[in-house]
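The structure appears below as structure tokens.
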Amino acid sequence: MTEREPLPVVCLAGPTGAGKTAMALALADALNGEIINADSRQVYAAFPIITAQPTGTERARCPHHCYAFLPTEQKISAGRWAEAAGEAARNVLARGKTPLLVGGTGLYFQSLLRGMAKIPPVDPAISAGFEARLTADGLPALHGELSRVDSAYAAHVHPNDKQRILRALEVFYATKRPFSWWHAHAETTPPARGPLIVLKAELNALTPRLAGRIERMIADGAFDEASKALAACPDTSAPGWSGIGAAETLAHIQGRLSRDECVRLWLKNTRAYAKRQITWFRAQAKAHFVAPGDTAAALARCRV
């Protein structure tokens, strides 16, 4: 394998709460695989419960990579993730094992299987201008503007995701092309090749599973986790705090939401995110859809 040759991998995707962890472990057992995170929230070290990272017991089943390596203060981009995931995949292959990319961030899979967009550098003045507008106008206004100038990308981005909203807007105004256009016209050789297996999920059936998972997260210590994260990173505008679960638990421990209000908002936002994920993955022409418990069907698609 040359440096420029795409790495052979297996990709397992799907909406939040669909059962990716259980399927990933089953595939790792069958394929002599190692799991590499492909979720933009599970990179944060401070939120293992809130972001539903694999537990210690689950990690003991096989090696896991690219989880919990980022401080709350730092940003994660598709490019930075692709670099880390590519290095992990190359190391897994060198050990004679199968790299299994698992997560729900569609743009990560796109960057891996289709290549990165060659976006020109953005003038720092443009970036500073949007930071100032964030302070003056608020994030909902900027998300609304993103919906007007790049509806395709805005549909995939949570309204609280400051990092992605600002990045997409600054790219649009710097290049006069939507962020989604740049991703659709990636010019580089894809870093990897392999099947994109997506777990089927219907939103109505998924909703009670999401509600139950949130209650389990709280029982497992989600509020204590948020309190410790706040003590370590009091800057609540930091990128790690913008994720679903982190933002809602923060509001509760700061007294801005009651427990019940927190749970309702957390479920509402999680459900909306799952809906966006389902829509995004359904639009992927090369995706192979399998039922969450159908390991045999998933294995049939694992031709790397």
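Every number in this text was worked out from the coordinates using simple rules, so none of it is lab data. All values derive from a computational prediction rather than experimental measurement. Neighbour counts are summed over all protein chains in view; Cβ atoms, including those assigned to glycine, are modelled from backbone coordinates with ideal geometry.
Brief remarks on what is shown
- Pairs from Lys75/Lys97; Lys20/Lys200; Lys118/Lys176; Lys75/Lys162; Lys20/Lys275 whose Cα-Cα separation, in the structure shown, is over 19 Å: Lys75/Lys97
- Size estimate for the range 1-125 follows the Kirkwood approach: the inverse of mean 1/r over distinct Cα pairs works out to 15.1 Å.
- Ascending count of other beta-carbon atoms within 10 Å, so fewest first, for Ser127, Ser40: Ser127, Ser40
- Taking Lys and Arg as +1 and Asp and Glu as -1, the other residues whose beta-carbon sits under 11 Å from that of Thr207 total +4.
- Ratio Rg/Rh, restricted to the range 67-145 and using Cα atoms, in which Rh is the Kirkwood radius: 1.09
- A helix-only calculation puts the chain at -15500 deg cm²/dmol for mean residue ellipticity at 222 nm, using -39500 (n - 2.57) for each DSSP H run of at least four residues, averaged over all residues.
- Neighbour net charge for Pro63 - beta-carbon separation under 12 angstrom, K R +1, D E -1: +2
- Here the simple spin-label model places points 7 Å from the Cα toward Cβ, and for Asp220 and Glu261 these points are separated by 2.7 nm.
- Top of Gln163, Gln284, Gln42 by mean-square fluctuation, Gaussian network on the chain, Cα under 10 Å: Gln284
- Expressed as a fraction of 2.2 N^0.38 Å, the C-alpha radius of gyration for the chain is 0.98.
- Candidates Ala296, Gly221, Ala272 compared by Cα position along the dipole of the range 206-304: farthest toward the positive end lies Ala296, with charges placed on Cβ.
- Stretching Ile126 away from Thr236 to a fully extended chain increases their span by 37.3 nm, per 0.36 nm per residue minus the current alpha-carbon distance.
- Directionally averaged shadow of the range 204-304, computed from the convex hull of its alpha-carbon atoms, nm²: 8.8 nm²
- Two-site label geometry, His185 and Thr135: point separation in nm, points 7 Å out along Cα→Cβ: 3.5 nm
- The range 208-255 - Rg and Dmax from Cα coordinates, angstrom: 11.0, 33
- Distance (nanometres) between label positions extended 7 Å along Cα→Cβ at Phe69 and Lys286: 2.4 nm
- Mean projected area of the convex hull spanned by the Cα atoms of the range 124-183, taken over all viewing directions: 3.6 nm².
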